[in-house]
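Worksheet: the structure to be examined is printed underneath.
The values are calculated or read from the model by the stated rules, or taken from the named source; none is laboratory data. Please read these numbers as outputs of a predicted model, since none were measured by experiment. Heads up, the Cβs are rebuilt from the backbone with ideal geometry, glycines too, and the neighbour counts pull from every protein chain shown.
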Amino acid sequence: MGAEPQSDGNSAAPAATTAAKPAATDSGRTQPVAPQPAATIAVTWSGEQTFDAARPDRPAIRLDGSGSTGPSPVDGLLASLASCAGIDVVEILAKRRTPASSIRIDVVGERVATIPKRLKHVTLNFHIAGAGIDRANAERAIDLAVNKYCSVRDSIRQDVPVEWTLELGE
């Protein structure tokens with residue numbers, strides 16, 4: 001414990017940051033994206049099938065393989081996907097001067113029957129309410145969030161389809 005990783009001299013050390021790359025904006029122009037430091041999260045076994053995960057000096061979340069004291073790891077992944085897309089939808093709608101008053105995302109994650117029981121299909125069912133939000137703008141915001149901006153979606157296998165629906169309220 002506390003030992004520094006050893007190198008055999010034949011492998012390159014992992015980079016602490018990712019290289020900056022241009023990001024496309026809504027207008028199609030690109031702007032540079034600053035490199036991000038590597039994420040460091042401590043995951044501590046809490047007994048049975050439970051683990052607590054947290055970045056230093058931040059609140060922890062409990063993941064529980066049995067689902068009795070917290071979401072399972074796959075439920076945590078699905079919640080992360082929905083939250084990531086939801087954050088982008090909130091920001092896009094606010095920038096269009098039609099802020100949401102409420103958003104709920106019901107996630108349906110279908111898994112394969114074989115081991116490992118990976119995801120085979122995900123549906124994000126968005127329920128959005130807010131004054132002045134029209135369907136076309138809400139759909140555009142969701143499409144951009146899910147297919148362009150959500151880093152969690154981009155980290156899931158590309159052969160796992162992520163589809164979405166929209167229920168729009170006032």
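Let's see how each residue does on (1) in the same structural domain as residue 110 (by TED's automatic domain parsing); (2) of a type outside the set (Ser, Thr, Tyr); (3) modelled with pLDDT under 95:
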residue	(1), (2), (3)
13	no, yes, yes
19	no, yes, yes
53	no, yes, no
86	yes, yes, no
| Extreme residue, farthest from residue 38 (Cα to Cα), among residues of region 122-137 that are surrounded by 14 or more Cβ atoms within 10 Å (Cβ to Cβ) and in contact with a strand residue (DSSP E or B) (Cβ under 6 Å, 6 or more places away or on another chain) | 129
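Here is a yes/no grid of residues against (1) assigned to a helix (DSSP H, G or I); (2) loosely packed, with under 12 Cβ neighbours inside 10 Å; (3) touching a residue at least 24 places away in the same chain (Cβ under 8 Å); (4) of a type outside the set (A, V, I, L, M, F, W, C):
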residue: 106; (1), (2), (3), (4): no, no, no, yes
residue: 120; (1), (2), (3), (4): no, no, yes, yes
residue: 139; (1), (2), (3), (4): yes, no, yes, yes
residue: 152; (1), (2), (3), (4): yes, no, yes, no
residue: 159; (1), (2), (3), (4): no, yes, no, yes
residue: 167; (1), (2), (3), (4): no, no, yes, yes
| query | Do we have residue 80 as in a helix (DSSP H, G or I) and not hydrophobic (A, V, I, L, M, F, W, C) here? | reply | yes
| field | Criterion (of a type in the set (S, T, N, Q) and crowded, with 16+ Cβ neighbours inside 10 Å) met by exactly one of 98, 114 | value | 98
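Would you say residue 71 is outside any strand (DSSP E or B) and modelled with pLDDT under 95?
In short, no.
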| said: If residue 91 satisfies all but one of (1) loosely packed, with under 14 Cβ neighbours inside 10 Å; (2) free of Cβ contacts under 8 Å to residues at least 24 places away in the same chain; (3) assigned to a helix (DSSP H, G or I), what's the number of the condition it fails? | reply: (1)
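Look at residue 60 and say whether it is surrounded by 11 or more Cβ atoms within 10 Å (Cβ to Cβ), under 18 Å from residue 143 (Cβ atoms) and without any contact (Cβ under 8 Å) to a residue 60 or more places away in the chain. Show your work before the answer.
Details: surrounded by 11 or more Cβ atoms within 10 Å (Cβ to Cβ): yes; under 18 Å from residue 143 (Cβ atoms): no; without any contact (Cβ under 8 Å) to a residue 60 or more places away in the chain: yes.
So residue 60 fails the test.
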| Residue among 69, 114, 98 that is more than 30 Å from residue 52 (Cα to Cα) and among the polar types (S, T, N, Q) | 98
